[in-house]
Amino acid sequence: MQRLLIACIRFYRLFISPLMAPHCRFYPSCSSYAVEALQKHGSLRGSWLSIKRICKCHPLNDGGYDPVPSCHCHPTELTLSRHSSND
């Protein structure tokens, strides 16, 4: 799914974006942000972050630097400590 979404963004960059005037108010651009979000966070969360970012892209928002948030991965494995059996 992630590859398909990134392919759609690349299609947009190659064939649709050149037809419009460059006017992205954010850095990185929304399409770059979306690709990075998908690669960092996966299809579901990456899509959600991309949609939120695109919704912020309007004339009332000043834009500026808006990086993809860090991955807040939750540990799913137990951390086992080594104990010596020197009793």
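Please treat every number below as a calculation from the coordinates, not as lab data. The shown structure was predicted, so the numbers you read here are calculated from the model rather than taken from an experiment. Cβ coordinates were reconstructed from backbone atoms using ideal geometry, including for glycine residues, and neighbour counts include every protein chain displayed.
List of remarks:
- Assuming charge only on the beta carbon of Lys and Arg (+1) and of Asp and Glu (-1), the dipole of segment 2-65 about its Cα centre is about 160 debye to the nearest 20.
- Our estimate of slack between Lys56 and Ser29, defined as 0.36 nm per intervening residue step minus the Cα-Cα distance, is 8.5 nm.
- What the Kirkwood sum gives for segment 2-65 is a hydrodynamic radius of 12.1 Å, with every pair of different alpha carbons counted.
- Separation in nanometres of the label points that stand 7 Å from Cα toward Cβ, at Ala7 and Leu19: 2.1
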